[in-house]
Amino acid sequence: MKLPILSAREVLKALNSVGFQITRQSGSHIILMKFVDGKKFTVVVPKHDEIAKGTLLSIIQQSGIAKEEFLKLL
């Protein structure tokens, strides 16, 4: 399945819908966290209008969500 071009706002909305909370911002990078069964997931999202496909794949991997499941959240 091909990845769409997404903005930081769209990625943040999808991650918020599965329980990620914004914890802080460092420059143009927004850091989100989620705890599941005592395990901490940390995701860093660059605040850009268009997120590169490789960066988006990294965000999906960091979140612990399957790629197909993430795309359903959009």
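What follows draws every value from the coordinates through simple rules; no lab data is involved. Keep in mind the model is a prediction, meaning the values are calculated, not measured. Glycine gets a Cβ as well: all are built from the backbone with ideal geometry, and neighbour counts include every protein chain shown.
Observations on the model:
- From Gln62, Gln21, residue being touching a Phe, Trp or Tyr at 6+ places or on another chain (Cβ under 9 Å), of a type in the set (S, T, N, Q) and without any contact (Cβ under 8 Å) to a residue 40 or more places away in the chain: Gln62
- Among the residues of segment 54-74, those identified as under 16 Å from Ser7 (Cα atoms), of a type outside the set (Ser, Thr, Tyr) and under 12 Å from the mean Cα position of the chain (by Cα) are Leu56, Leu57, Ile59, Ile60, Phe70, Leu71, Leu73, Leu74.
- For segment 36-74, a residue qualifies if it is surrounded by 14 or more Cβ atoms within 10 Å (Cβ to Cβ), among the aliphatic types (A, V, I, L, M) and in a strand (DSSP E or B), and the qualifying residues are Val43, Val45.
- Qualifying positions in segment 16-35 - among the aromatic types (Phe, Trp, Tyr) and either more than 18 Å from Glu69 (Cα to Cα) or not in a loop (DSSP other than H, G, I, E, B) (or both): Phe35
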